[in-house]
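In what follows, a single structure is set out as structure tokens and then discussed.
The values are calculated or read from the model by the stated rules, or taken from the named source; none is laboratory data. The structure presented is a predicted model; accordingly, all values stated were derived computationally and were not measured. Virtual Cβ from ideal backbone geometry, glycine too; neighbours counted across all protein chains shown. Each accessible area value is taken on the protein alone, full model and side chains, heavy atoms only, with ligands, DNA and RNA left out. Shrake-Rupley method; radii C 1.70, N 1.55, O 1.52, S 1.80 Å.
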Amino acid sequence: MKINKQLLDLEVIIPIAAFLLALSGVLTVSSTSQSWSGNPELAMRQLGHIAVAVIIIFSFRRIPFSFLTRKNTLIFLGVAGWLFLAGLGLFGSRINGMCGWYRCGYFSIQPAEVIKPLYLLIVSAILTRRSDRSANFFIATAFSAWWLIPVCLQPDFGTGAIYLTVFFFMAAAAGSKARDILIAAGAAIIPLGAMLWRTPYALRRITAFFSPVKDNLGENWHVMHFELAVSRGGWFGSNLGKAIWSNAYLPFAYNDSAYATLSETLGFVGVVVIAALFFILIGAMFKLSRRANLTPEAGFFISSCATLIAIQALMHISINLALIPPSGLTLPFISYGGSSLSGFALLLAMTLSAAGDQPENQSLPK
Amino acid sequence: MNRRWNWIIAILLLWSMAALCKAFFLAGPGRASRIEEAFKMASGRGRIPARRGTVYDRLHTPVIWDELRFELLARRHLTKKEKLRLNRTLGYDLTISENDRLLLSDLSPDEIKTLQPLIRQGFPIRINCKRERIFAVSAHCREKLQKIELLYDKKLSGSDGRYIVLLDRFRNWIPGSWKLMQKPVPGEDVTIKETISELEAQP
């Protein structure tokens, strides 16, 4: 394989940026857990998750992208991924009203987080496979609808929103017709409405967010406290290592409220540094996707991965800044959680694998 | 295809800018009002009772004095699971009847320390500090001594202190946020002319 020096640089920048983000996640976790009990257990566990993520990146990047995009491989990954998700209905554990985890003693795994890269791989393969864009779009839509059924049944609104948003962005980038996208978006409202009707607390959160009258002791409680925690941080942070307000008032300060915790700990200047790391990571991925000697499929997949990271980060940050209604979403690489970190590590591994997918390397038939 | 991805990148950048502007607003112009709101919502004020002065007899033996007791109270009726968890934490079985709110009347400092993590997690219990006035005389002398207490009430009372503290969503104190606003001034001790035996001997 020809080694392009510039490519090599990007292939180093991407994991380094991700690693630095993961380290700032350890700071976030220790800011919350140490406030109360002086117990660094969560921070130590997150370091363990990072070690696992590093192993995932170094092992899975060796799998040739051409092998991953073979028809049989894609079918196998699609079915296996769906069964992994659907099995939650029978064997999953319910935590905080959501049946989204498999638990085995001390360990738990959240399938929806881990298999996001598989979804991107399959959808990007469908959207770039043939020249008929309408056919590509409708096959991808049907697949996405099938994939999202178990997610909706958990119900995991945050993850569902991520999958939907990324799908529509990918469809637009693949050149799908605007009319087709609008029809699919309109059709998605029916199951979305059914989901909300089935879970009244979620509907109340959305209506309370947009209501002109704020019920700060009721449904707007979290929204108000997100703003208060971020404000407490000011320009340079209020309590390095002790996020008092986040810990006292925010749900899952080390996870769903990670940005607010970071903001309280590091201040506006600190979170700008974190944002810069995200810009570097996502920018490097987009740049990598445009290298002339990559296959179009690989380039599209890498751009989709960058888009997923960007959308999930922006959604999490927007929730924590009270720009959109609250939902449980992790901040990529930073929030506590082995499943989330492993899922994004797998995403990076597949990105680096795709970066080596040059036309001269393709020897296996599709 | 690159052109379409450029549009998507532009949308993501616009979204980032909106988030950055909101973060800037909360850190700067919108900060003061929110900090004030946060303080009003989360601050709890309390009184630090002044130690009441001790009444001594002529031989400087304490006759009346203050004792501090810590009680464990339930905020509501505890479920079976909660009672088991409480027993496990304390290391012994509490006898709690259906309507009891008073779980333990005299907590030791070690027990208070053991219960703190449970309280911080929102367990429905609280620790109440109670001052008790102890009389080292028989019942019939107590009335006389209470009159003496009333006579010297101002001297014995002292003045209470005040503190301010931040409370979390379970209304527990946030560690590190306690601030003394006014130091308590303990009451003065009073010595009476009689001894305890002379008081007991009086009709």
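Observations on the model:
- Take the accessible area of B alone and of A alone, subtract that of the pair with a 1.4 Å probe, and the total buried over both chains is about 3700 Å².
- Whole-Hz ³J(HN,Hα) from phi, Karplus 6.51 cos²θ - 1.76 cosθ + 1.60, for segment B:53-66, glycine and proline x: x, 8, 9, 9, 8, 4, 8, 6, 9, x, 10, 9, 8, 9
- Descending Cα extents along the principal axes, segment A:53-197, whole Å: 49, 45, 23
- A quarter of the convex hull surface defined by the alpha-carbon atoms of chain B gives 20.5 nm² as the mean projection.
- Calculated P(r) of segment A:9-116 - Cα pairs past 19 Å, %: 63
- Taking the charge dipole of the protein assembly as shown about its Cα centre, with +1 at Lys and Arg Cβ atoms and -1 at Asp and Glu Cβ atoms, the residue from A:A51, B:I48, B:I35 reaching farthest to the positive side is A:A51.
- Computed Rg/Rh of the protein assembly as shown, alpha carbon atoms with Kirkwood Rh: 1.13
- Residue-wise HN-Hα coupling along segment A:69-80, computed from phi with Karplus coefficients 6.51, -1.76, 1.60 (Hz; x: Gly, Pro): 8, 5, 4, 4, 5, 5, 5, 4, 5, x, 5, 4
- Straight-line reach from B:K193: taking Cα to Cα under 15 Å and skipping same-chain neighbours fewer than 8 places apart, the aspartates and glutamates in range are B:D57, B:E149.
- Surface composition of segment B:79-203: carbon and sulfur make up 53 percent of the accessible area, probe 1.4 Å.
- Other-chain or far-sequence residues with amide H under 5 Å of B:A50's (modelled H): B:D160, B:G161
- Taken along its three principal axes, the alpha carbon spread of segment A:143-201 comes to 36, 18, 17 Å, from the longest extent down to the shortest.
- Amide H within-cut-off set for B:S43, under 5 Å, with H built and near neighbours excluded: B:L167
- Of the residues in segment A:159-175, those shielded by at least 30 Å² of accessible area once partner protein chains are present, compared with the chain alone at a 1.4 Å probe, are A:F169, A:A173.
- Residue-normalised accessible area of segment A:51-150, expressed per residue, 1.4 Å probe, Å²: 52
- Amide H contacts of B:V63 (H built 1.01 Å from N, under 5 Å, at least 5 apart or other chain): B:V55, B:Y56, B:D57
- Note on chain B: GNM, Cα springs under 10 Å; of B:W178, B:W65, B:W15, the largest mean-square fluctuation is that of B:W15.
- Reference-scaled alpha-carbon Rg (2.2 N^0.38 Å with N residues) for segment B:60-170: 1.41
- Heavy-atom accessible area ranking, 1.4 Å probe, most first, across B:W173, A:W146: B:W173, A:W146
- A loss of 20 Å² or more of accessible area (1.4 Å probe, protein heavy atoms, ligands and nucleic acids excluded) relative to the isolated chain is seen in these residues of segment A:245-284: A:W245, A:A248, A:Y249, A:F268, A:F279.
- Apportionment of accessible area to carbon and sulfur, chain A, percent (1.4 Å): 69
- The alpha carbons of segment B:1-103 stretch over 96, 41, 22 Å along the principal axes, in descending order.
- Considering only A:V29, A:V166, A:V12, the Gaussian network model of chain A with Cα springs below 10 Å gives its largest mean-square fluctuation to A:V12.
- Among the listed pairs B:K40/B:K179; A:K116/A:K177; B:K81/B:K130, those whose Cα-Cα separation exceeds 20 Å are A:K116/A:K177; B:K81/B:K130.
- The calculated pair-distance distribution of segment B:154-196 uses every alpha carbon pair, bins of 10 angstrom beginning at 0, and gives 24, 28, 22, 16, 9, 1 percent.
- On a per residue basis, segment B:1-153 carries 62 Å² of accessible surface, using protein heavy atoms and a 1.4 Å probe.
- Quotient of Cα Rg and 2.2 N^0.38 Å for segment A:263-352, N being how many residues it contains: 1.18
- Here the Karplus relation 6.51 cos²θ - 1.76 cosθ + 1.60, evaluated at θ = phi - 60°, turns the backbone of segment B:152-161 into coupling constants of 9, 4, 4, 5, 6, 5, x, 9, 5, x Hz, with x for every Gly and Pro.
- Relative contact order, percent, chain B [alpha-carbon distance under 8 Å, six or more residues apart]: 31
- Only Lys, Arg, Asp and Glu carry charge here, each on its Cβ (+1 for the first two, -1 for the last two); on that basis segment B:1-67 has a dipole of about 400 debye about its Cα centre.
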